[in-house]
Ligand SMILES: Nc1ncnc2c1ncn2[C@@H]1O[C@H](COP(=O)(O)OP(=O)(O)OP(=O)(O)O)[C@@H](O)[C@H]1O
């Protein structure tokens, strides 16, 4: 009774502060799936200034409507770049709104927060992310490795004496881990993901079609016709941009096949990270991995044909976790709600510095 009351007044929160999307989930919500706030990591500010529009409310989904075609007087800013806090104040403004949304506007004691973090972040980068949450209204902040969180969220049998292989592909970070008996046996953290796919598409359009396009348009092309392996749906899409030579607007048609070729180089980094992680495991564990295969998480797992491509390249069965983008934050909720079981995976923020 007392515990339930505390949870209502001061719900524990899980946070995934990503470059593309920010996710906040609420622990102990009594619903079968945790309540989830999932919004773009974008803040709209007055052009040339630091004032967040809408009296501080123009963040996330609201702010993303201005991305790529910002009306006069508005700048849409991404406060997390490459998986790292790039603008401390604007990241704080965004998180303050999302934390309040998750708490349904309740005032009162601050929530404890469990933050998922990429393995490759430096102590200074971790400290910055924790600082953002503290200034945005979090109480104590704990940290959980993103790959472990995703494995819990994907429901992998990480406590059992078999090896589980997980890979999360986000916008800027790719995390790979082999977990067994509640421990991390091997892993890699590489700075690559959907952002690199957008860069590859922009370079392709510039060099092959002589067309300059923006980051938002490139991301749209990846979502609409991007693929890692041939799928049944070989669509074509029209892309508008600026003609490099004539400096006039121009529209070209691009095919799924040429975009697939453009994505080959950045995808190679994902393959290498997984292959090196598997190589680090002993032969007994590799036998487990061959049977259990690879589980893919992160928004990048939605790239068409990525499961088939990785199966072909790594000779492993590959499955995509349900709702792959939110696997890490859902896993952090599992860890929060079973703190006694997962205590050894949680790091107090003070120790992370
Ligand atoms: N259908 C799709 N096809 C290709 N890419 C996709 C698709 N859906 C989402 N993505 C990509 O997934 C990425 C977002 O994934 P996710 O939300 O896991 O990232 P993030 O947590 O913000 O990033 P990070 O943790 O790396 O900073 C974006 O780069 C987005 O373009």
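Please treat every number below as a calculation from the coordinates, not as lab data. The shown structure was predicted, so the numbers you read here are calculated from the model rather than taken from an experiment. With ideal geometry, Cβ positions are generated from the backbone for all residues, glycine too; neighbour counts draw on all protein chains shown.
Per-peptide packing, taken as the mean over residues of other Cβ atoms within 10 Å, places 283-293, 261-271 in the sequence 261-271, 283-293 from highest down.
Gain on full extension, evaluated as 0.36 nm per residue between residue 81 and residue 110 minus their Cα-Cα distance, stands at 7.7 nm. Which of these, 41, 116, 272, has the largest mean-square fluctuation under a Gaussian network model of the chain (Cα springs below 10 Å)? Of 41, 116, 272, the most mobile in the Gaussian network model is 272. Among 21, 104, the order by Cβ neighbours within 10 angstrom, fewest to most, reads 104, 21.
Rg then Dmax, both in Å and based on the Cα atoms of the stretch 138-186: 11.8, 37. Between residue 233 and residue 125, the modelled label-to-label distance comes to 3.3 nm, taking each label 7 Å out from Cα in the direction of the beta carbon. Looking at the stretch 215-323, the DSSP beta bridges with both ends there are about 65 percent antiparallel.
The eigenvalues of the Cα gyration tensor, multiplied by 5 and square-rooted, give the chain an equivalent ellipsoid with semi-axes of 33, 29, 15 Å from largest to smallest.
The alpha-carbon positions of the stretch 134-280 define a convex hull whose volume is 156 Å³ per residue. Each peptide in 78-91, 229-242 gets a packing score, the mean of other Cβ atoms within 10 Å over its residues, and the list from highest to lowest is 78-91, 229-242. One Cα centroid belongs to the stretch 265-279, the other to the stretch 284-322; the line between them spans 12 Å. Projected onto planes of every orientation and averaged, the convex hull of the alpha-carbon atoms in the stretch 194-262 covers 4.0 nm². For the pair residue 10 and residue 207, label points projected 7 Å from Cα toward Cβ lie 5.6 nm apart. Looking at the chain, the DSSP beta bridges with both ends there are about 75 percent antiparallel.
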